Every structure is written in C-alpha cells, then in structure tokens.
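Have a look at the structure below before the remarks.
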Amino acid sequence: MCAAPAAAPCAGLAPSAVGLGWRQPHYQVLMNAAHWREQIDFLEVHSENFLAPASASRVLLQDMAQQRPISLHGVGLGLGSAGALDAEHLAQLRDLVQDISPALLSEHACFTRAHWGGRWHHAHDLLPLPWSASALAHLAAQVAQAQHRLGRALLLENLSNYLQWQGEEPELAEPEFFNRLCAQEGCGLLLDLNNLLVNALNDGLAQPDALAYCRAWIEAIEPQHVGQYHLAGHSAGPDLVVDDHGSAVPEPVWALYRHALRRIGPRPTLIEWDNNIPELSVLLEQVRLARQHQQAVQNDLPQTAPPKGLVLAHAESPSPSTDASTSTWPQGQRQLLQALRQSQADLPASWQARRGVRGAAPRALLAYRQHAAVLAQRVLAQRHPVLMGLMEAQEPGSFARMAWQAWREDGPSQGDVDTWCGPLQRWLAAVPSEQAQAWALLAQLEGWVQAAERLPHLGQNPAELQQLWAAMSQGAEDWLAWRLRLAPHLRFLALPEGVLGHWGAWPQAPADTVLSHWLQAPPGLPWCSGLERPELAPALHLAVWRAPSAEVCVAPLPAALGSWLEALQAGQCLGEALSALHPESTAGQAALALLPAWWQWASAQAWVWGFRPDGVGDQHEE
C-alpha cells in the first residue's frame, strides 16, 4: 500500500534556488530589511532551535515563514541510533512542521544517542554509521517511522566524520547505501559537497586525488534521489581537516558543485556558515557566487527530469524497530558515546580513525571531545551569562572547565540541547559558602529566564478575568474566596540579605543579561509603601515573567508583594493571602483599596490567567 504523495523534496522552490542558513546574529536584520531578504530564495534553520511551541523563537520563525520559504534542517533526531526513535522529539518536530510548512525537511544519516545507566545520553554530534546491510535495514525502518509521523518525505544528509566503524559485516559503498535507502523508503539525499571533500582529505588523499574520489562518488549516486545541495567551508589543520562551517566556500568545493550540476542538475542550494559568522553582505556574496557557478554550466546541464516528488512508502504505521541483535554496531554506538564523555578513555576496538588523520584514534577522539566542550560552554553561557561573568572574573577558564565537567557527568538526554541545564545549580548549592549559595540562586534565576522564553504566553481566559473584575468593581466580597490561576511562566525568587553583594562583584552587566533589568521596579506597578512589613524589609523578591510582547522580564518587587504573590501561587485564596500580607485592619483596608488597580496591571502583564471560585489554583512544577 502506498500513502498519498508527500510534498516534493523542493516543494515551492525552483531547482536553481539559493538560500542561506539563518543564524541568530542575523535574525533581526533579515526580519526588518526586505531588500536583504529579496536576495535570498529561502532560509534554512536548525529544527531543534525552534521546537518549543509558542516560544519567542517559534513566533519569530512563523513571522519569517510569511516572508520567505523555510528549510528545516534537523541535527538531533539521530535516525541511525540503535533503539527506538525519541517519540517526544518526533512529536515536537511534527508540530513544528505543521506550524511552518517548510519547503524542505532534512535530517542526517547518523546516530546521536545511546542508552545506558537507565537513561538516554545524547552526543549532540553527528556520529557515523556502518554501511552494512543491517545498519541500512535499521535506518530504513527509522526513516519510515519518521516520515509516517511527520507526513512528509525527508532528505538525509551525508556526513563528514573522523572515525569509521570496523565490523565483521561486509559493507556497501556509501553511494550505493544511499541509493538503496532512497529507493526503498522514498526519501531523498541532501548532498553536502564539502563533507565529501573533508572525508576524502581525512583519508589521506592529496587534493587532486580527493577531488577525483568525490567526482566518482557524485557519479555513483542516482540523480533522481538528490533533493538539495549544501556548500560550506572547512579548516585544514596539521592533523586533520575539520568541517567547521566557519569560512567561505573554497574553490575545490565550487569545483565539485559545478560537477554535480553537470552530472545531477540544479537543486536548491544552501550556503552554510555556522561559526565565525560574518556580516550579511559577505554571506550574500556567497549566494551571488553560487548563482554565478550555476550560470557558468548552464549549457552543460543534463537533460534529465528534476527529482521526482517523494512518495511515502507506508500507508500504515511501519514496524517500530528492526532486529539488530546479531550485529555488534548497536553496542559499538554505546561504547563510542561513553568514550566521548570521558577525558582519557581510549577509542573502542570496533572503531578506527580515518586513514589520513595524523595521531590516529586519539586525535580523532580529541576532535569530537573539543566540539562537545565548546558546545557545553556555549549552551551554559547562554543560560547563565551573569554567572559566567562572575566566575571568569574571579578565575579565568573556570566556567569552561565546569561546563565540560557537567557535560561529562550529567550530559543532555534530548536532541534539543537548550533543555539541558546541567548540574551547576546543584553543585553550587552543595558548597558551604555564602558566595556559592548566592551563585546557586543566580543560576536558578537565569534558568527561569530561559525557561520563560520557551513557555507559551497565551493562556488567559478573558471571560474569567472579566467576571473577577466585575466582582471587584461591584464591591462584593465573595471574590475574596477565589483562587487565582497565575501564569506558568511567572516565578518569584526571595533573596536573603547580602546576596546582591555577591552578585554585584560583576562590575557592569551586559545589556542583554538579567542584571540589566534590575534597575527599577516594573513600570506602572501599583503599590503602597505602607503595606511593607518591617520584618520583611531586608529581603528582596525578584519576579520573572514573559510579557505579552514575548519579552522576558526580570524586576524587583516590594518584599510584601512578593510574599503575597508566593501565597497566591501556592494556592491560597485572595482573602487568605491578603490576611497574611498584613494583619492590621488599616493595612488590610489599604490593600483592598489597592487590589483593583494591581489586578488591572497584573492582567495586562499576563501574570493572571483566570480564577477558580471553589478549587485550588493551577500549580506548576518548580
């Protein structure tokens, strides 16, 4: 049985389309400048950066999808990983596909995760598969499941890698592996020409021989399976060539592009530049060069039809797994990932470095570990920018060392690396010093800031808000027994006296960190200093929330207001929380008089989503 035809591999894109990877430094400039966007046929993003539903990043991508076709390029699903697919990751990707309707949808022919110690461990790297029949059967089954769940055909990218599997099973040639996979499952190939060249050079081939090898690879692939090209730069070190996407496309890769155009034909082409990202004008020059190379071979293009529309091979849900029990590569995947999580472990016997890597196995392992260490520091620096500044000011290099240790001891388990927070807060909280305790609170606060960005900000019930406002305005007091439903992105942190002194060691907070928001109370916040209780004066409460504008806000609150809001969040009714706010009747009357104005302000900031007259307010996990 066959399913209805899926979207063609380049649906909505001309075969000659040229696009750019849309990365964070250019988010706003491309959103705000139509004359830049018009020079680009499509934009490609890494799917994992936009998996959080209704997050600020998802909203940004939805807005851009109205301006330019989007290609979703996944780096975390790990279709070749032994075991079942990550069902949660796949469900999140399906929701993203439905939201964005991408012109292209791609993943990698690799493994990324392994299971031991009672949980999954994710490498956040693209690790190679054997080209054996059993690995092909497993990958094909995983691709079939993914395509069935997504309702779309996938393009799979060929990898660059520094290691190769050496097993007992005979192996196919890599192009033949992809030919069989695409023919069997109706998926396509995302042909990364830079990856071909990097592998050939790391096999020890001189550049002329490496180019000849790559041309033979291109000629061995069946043209109808190719749905997209990737072009990128690499860096050549003394020991190995690194696929770093950190420079312009070099001439040898352009030469392979011209050969692919003549042999296979034009396909949507992406310029990848993910590190050392330059000004947008430099990237647009790469787009112009790609079009120039297309034009240069215009008269030599093959007289073949463009790639056929990809058709899903399964109408019903395919088998969830294949039997790889007689193969040793599933165990080899786990052993390799375990070795990558350790600083001194040797390469497992079932793996070997590519022939041309000087230093062999230790150097290849080091390349993967260096990538993981840099990624760990980047992820935790984005989550804890102020904490990083404090630690580095006290001891340069300390934050990077702690991030790498956190990755090795308690690394990520999911493909969305932004969900990984590491054990930093737990480690700091266990150190018996005032500074460590203060830094643990800071780590908690910065984690809340990132979490708020990923949570939906739409959840208010207008009817409930209007009913509660009407009850307050009419002077009735039955609403004092009601319990509020506060937004799940709203958090309050009580700071003991002296904590800010430890945070204040950071001399000047960058404008984009949480400290820059602590200079003044939330604008327009109704409050009365007479409601403050003297015993709470030394404490400070901070509120973290996501405003309706999608901006994450951090601001100080009067101590009594913070205590009152914590009581509401714990499920106390309005009357109970007001009684706890101040026991004196005059202060209670002042609070009642102030409450309608505060209510309007909190509703406008999306702090309050609704109420429950006779139940406990919605709670959320800390």
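Pairs linking a residue in the range 481-504 that is more than 21 Å from residue 449 (Cα to Cα) and modelled with pLDDT of 75 or more to a residue that is assigned to a strand (DSSP E or B) and open to solvent by less than 30 Å² (accessible area, probe 1.4 Å), with Cβ atoms under 6 Å and 6 or more positions apart or on different chains, are 482/611; 484/608; 484/611. The residue that is farthest from residue 336 (Cα to Cα), among those in the range 25-82 that are touching a helix residue (DSSP H, G or I) at 6+ places or on another chain (Cβ under 8 Å) and acidic (Asp, Glu), is 63. Taken over the range 600-621, the criterion of being modelled with pLDDT of 75 or more and not aliphatic (A, V, I, L, M) is satisfied by 600, 601, 603, 605, 607, 609, 610, 611, 612. Restricting to the range 126-147, name every residue that is open to solvent by 30 Å² or more (accessible area, probe 1.4 Å) and in a strand (DSSP E or B). Correct list: 126 only.
Just so you know, in the range 393-417 the residues that are at pLDDT below 90 and more than 24 Å from residue 127 (Cα to Cα) include one that is most open to solvent (accessible area, probe 1.4 Å), and it is 394.
Can you go through 203, 244 and tell me which one is of a type outside the set (Lys, Arg), under 21 Å from residue 106 (Cα atoms) and surrounded by fewer than 23 Cβ atoms within 10 Å (Cβ to Cβ)?
244
For residues that are of a type in the set (D, E, K, R) and part of a helix (DSSP H, G or I), scanning just the range 52-75, find the one that is least open to solvent (accessible area, probe 1.4 Å). Result: 58.
Suppose we filter the range 346-394 for residues that are hydroxyl-bearing (Ser, Thr, Tyr) and within 21 Å of the chain's Cα centre (by Cα); how many remain?
Qualifying residue count, the range 346-394: 1.
Look at the range 28-43: where a residue is more than 20 Å from residue 72 (Cα to Cα) and of a type outside the set (Lys, Arg) and a partner is outside any helix (DSSP H, G or I) and open to solvent by 50 Å² or more (accessible area, probe 1.4 Å), sitting 6+ places away or on another chain with Cβ atoms under 9 Å, you get 34/67. Of the residues making up the range 76-93, not one is under 17 Å from residue 44 (Cα atoms) and surrounded by fewer than 18 Cβ atoms within 10 Å (Cβ to Cβ). Restricting attention to the range 83-98, does a residue exist that is in a strand (DSSP E or B) and either at pLDDT 95 or above or among the aliphatic types (A, V, I, L, M) (or both)? No - not one qualifying residue is present in the range 83-98. All conditions in (1) open to solvent by 20 Å² or more (accessible area, probe 1.4 Å); (2) more than 21 Å from residue 144 (Cα to Cα); (3) at pLDDT 95 or above hold for residue 49, with the sole exception of (3). When the range 256-267 is filtered for residues that are out of contact with any Asp or Glu (no Cβ under 7 Å at 6 or more places or on another chain), more than 24 Å from residue 281 (Cβ to Cβ) and crowded, with 17+ Cβ neighbours inside 10 Å, the ones remaining, listed by number, are 256, 259, 260, 261, 264, 265, 266, 267. Looking only at residues of the range 4-27 that are touching a strand residue (DSSP E or B) at 6+ places or on another chain (Cβ under 7 Å) and within 24 Å of residue 77 (Cα to Cα), we find that the one that is modelled with the lowest pLDDT is 5. Scan the range 100-117 residue by residue and report those that are part of a strand (DSSP E or B) and either buried (at least 23 other Cβ atoms within 10 Å of the Cβ) or among the hydroxyl-bearing types (Ser, Thr, Tyr) (or both). Listed by number, the residues that qualify are 104, 105, 106, 107, 108, 111, 112, 113, 114. Out of the residues in the range 164-178 meeting the condition of being surrounded by 18 or more Cβ atoms within 10 Å (Cβ to Cβ) and modelled with pLDDT of 95 or more, tell me which one is nearest to the chain's Cα centre (by Cα). Looking at the filtered set, the residue picked out is 178. Pull up the range 325-346, narrow it to residues that are part of a loop (DSSP other than H, G, I, E, B) and closer than 19 Å to residue 124 by Cβ, then point me to the one that is modelled with the highest pLDDT. Ranking the candidates gives 341 first. Residue 374 passes every criterion in (1) in a helix (DSSP H, G or I); (2) open to solvent by 50 Å² or more (accessible area, probe 1.4 Å); (3) at pLDDT below 90 apart from (3).
The sole residue among 134, 101 that is among the hydroxyl-bearing types (Ser, Thr, Tyr) and in contact with an Asp or Glu (Cβ under 7 Å, 6 or more places away or on another chain) is 134.
Within the range 179-199, the set of residues being open to solvent by less than 10 Å² (accessible area, probe 1.4 Å), of a type in the set (A, V, I, L, M) and in a helix (DSSP H, G or I) comprises 181, 193, 196, 197, 198. Select from the range 206-239 the residues that are part of a strand (DSSP E or B) and of a type in the set (S, T, N, Q) and write down the one among them that is least open to solvent (accessible area, probe 1.4 Å). Looking at residues that are part of a strand (DSSP E or B) and of a type in the set (S, T, N, Q), I get 228.
Just one of the listed residues (590, 559, 597, 550) is touching a Gly at 6+ places or on another chain (Cβ under 8 Å), modelled with pLDDT under 75 and over 20 Å from residue 483 (Cβ atoms), and it is 590.
The values are calculated or read from the model by the stated rules, or taken from the named source; none is laboratory data. This one's a predicted model, so the numbers in the text were calculated from it and none came from an experiment. All Cβ positions, glycine included, derive from the backbone under ideal geometry; neighbour counts span all protein chains shown. Accessible surface areas use protein heavy atoms only, side chains included; no ligands, DNA or RNA. Shrake-Rupley method; radii C 1.70, N 1.55, O 1.52, S 1.80 Å.
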